[in-house]
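Peer 1: I have a structure I would like to understand better, so I am pasting it below and will then ask my questions one at a time.
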Amino acid sequence: MVTSGDWIKYLAVKRLWIPPTIACIVLAVVSQFNFLAFHTLAELTTICISYVVFSLGWSTYGFSRNTFLIFFACGYFWVGSLDILHTFVFPGVDIFTEGNANLSLQFWIVSRYLEALLFLVAPFVLMRGNNPYAIFIAIGLTSMVFTTLISLGGFPITIIDGQGLTDFKIYSEYIIVLMLTIAVFGIYSQRNEIDTEELTLVVAAIMFTMFAEISFTLYDKILASHFVILGHLLKIYSFWFIFQAIVITNLRKPYANIKRAEENLSFHI
């Protein structure tokens, strides 16, 4: 049974908060001098985390056999890939094409829908179990379909110059928040199948994502808005907690088990 004491116990660890907090403070300072640098660095931070999550989760799955976390590992690879597209077509970056606010936000909203869908579907994956290759390909195909749709101009407009966010963009953020809310209850319903610490970290990640999405409904321009800055900082915390969930299962626990086994062996000797 997961209690409030368990949540506090696992979230009160200082090392859990120090790295993302330092990163957010630095980025907040950068945002006051150069918003484009802030946005690029903030996005690259979460992109790097998403690829580390995938690499670590994928390479250690043979030992952990944790279907719940390998699902997130595969999913965050594609979330990070969509975020790269969002970052590289952001106004002022101009890598793939001339910076375009609407195009950038289209990739953003697809990436957030995908992220929310991962949390929403995760409990069902846990109950059924799946081949990690099938998971990776299925999520990848979904990402590619929406990328193609955006590239061909078939995706709804998200922002209009001089007018601000469209209803589609704003309502999409609220739909994403609703999906995440449902996901919390779905994941919590499987609490007997999920390690308590993993459950705590994943739910915390969802909560930070929800707060970030709400922030992204409150700005009227894509550049230099305080709500845009806040949303990106909250996003860093969300990705960091998913990273911690992967690290705990695939790195810390095996070493902790080895240490306990050595201590037990020493005691008996």
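Peer 1: If you check PHE211 against the conditions, is it open to solvent by less than 20 Å² (accessible area, probe 1.4 Å) and modelled with pLDDT of 80 or more?
Peer 2: Judged against the criteria, PHE211 is not a match.
Peer 1: Which is among the polar types (S, T, N, Q), modelled with pLDDT of 90 or more, in contact with a helix residue (DSSP H, G or I) (Cβ under 9 Å, 6 or more places away or on another chain) and crowded, with 16+ Cβ neighbours inside 10 Å, of THR40, THR67?
Peer 2: Step by step, each of THR40, THR67 is checked, and only THR40 is among the polar types (S, T, N, Q), modelled with pLDDT of 90 or more, in contact with a helix residue (DSSP H, G or I) (Cβ under 9 Å, 6 or more places away or on another chain) and crowded, with 16+ Cβ neighbours inside 10 Å.
Peer 1: Follow-up question, since we're still on this one. Contact list please: Cβ distance under 8 Å, first residue in the stretch 189-215 and of a type in the set (A, V, I, L, M, F, W, C), second residue assigned to a loop (DSSP other than H, G, I, E, B) and open to solvent by 40 Å² or more (accessible area, probe 1.4 Å), pairs at least six apart or on different chains.
Peer 2: The qualifying pairs are LEU199/ARG191.
Peer 1: Still on this model: So, in the stretch 45-94, exactly how many residues are closer than 18 Å to TYR113 by Cβ and hydrophobic (A, V, I, L, M, F, W, C)?
Peer 2: Residues of the stretch 45-94 closer than 18 Å to TYR113 by Cβ: 46-47, 50, 71-72, 74-87, 89.
Checking which are hydrophobic (A, V, I, L, M, F, W, C) leaves us with 47, 71-72, 74, 77-79, 82, 84-85, 89.
Residues in the stretch 45-94 being closer than 18 Å to TYR113 by Cβ and hydrophobic (A, V, I, L, M, F, W, C): 11 in total.
Table: residues versus (1) within 22 Å of GLU115 (Cβ to Cβ); (2) in contact with a Phe, Trp or Tyr (Cβ under 8 Å, 6 or more places away or on another chain); (3) of a type in the set (Val, Ile, Thr); (4) modelled with pLDDT of 75 or more.
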residue: THR166; (1), (2), (3), (4): yes, no, yes, yes
residue: ILE176; (1), (2), (3), (4): yes, yes, yes, yes
residue: VAL202; (1), (2), (3), (4): yes, yes, yes, yes
residue: LYS221; (1), (2), (3), (4): no, no, no, no
residue: PHE227; (1), (2), (3), (4): yes, yes, no, yes
residue: ILE236; (1), (2), (3), (4): yes, no, yes, yes
residue: ALA261; (1), (2), (3), (4): no, no, no, no
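Peer 1: I've got another one for you. Just one of (1) surrounded by fewer than 16 Cβ atoms within 10 Å (Cβ to Cβ); (2) assigned to a loop (DSSP other than H, G, I, E, B) trips up ILE194, so point out which.
Peer 2: Every condition holds for ILE194 apart from (1).
Peer 1: State yes or no: is LEU126 at pLDDT 85 or above and either out of contact with any Gly (no Cβ under 6 Å at 6 or more places or on another chain) or open to solvent by 50 Å² or more (accessible area, probe 1.4 Å) (or both)?
Peer 2: On the way: at pLDDT 85 or above: no; either out of contact with any Gly (no Cβ under 6 Å at 6 or more places or on another chain) or open to solvent by 50 Å² or more (accessible area, probe 1.4 Å) (or both): yes.
Spelling it out, it is not the case that LEU126 is at pLDDT 85 or above and either out of contact with any Gly (no Cβ under 6 Å at 6 or more places or on another chain) or open to solvent by 50 Å² or more (accessible area, probe 1.4 Å) (or both).
The values are calculated or read from the model by the stated rules, or taken from the named source; none is laboratory data. In this text the structure is predicted, and so the values were computed from the model without any measurement. Here the Cβ is made from the backbone with ideal geometry for all residues, glycine too, and neighbour counts use every protein chain on show. Heavy atoms of the whole protein, side chains included, go into the accessibility calculation; ligands, DNA and RNA do not. Shrake-Rupley method; radii C 1.70, N 1.55, O 1.52, S 1.80 Å.
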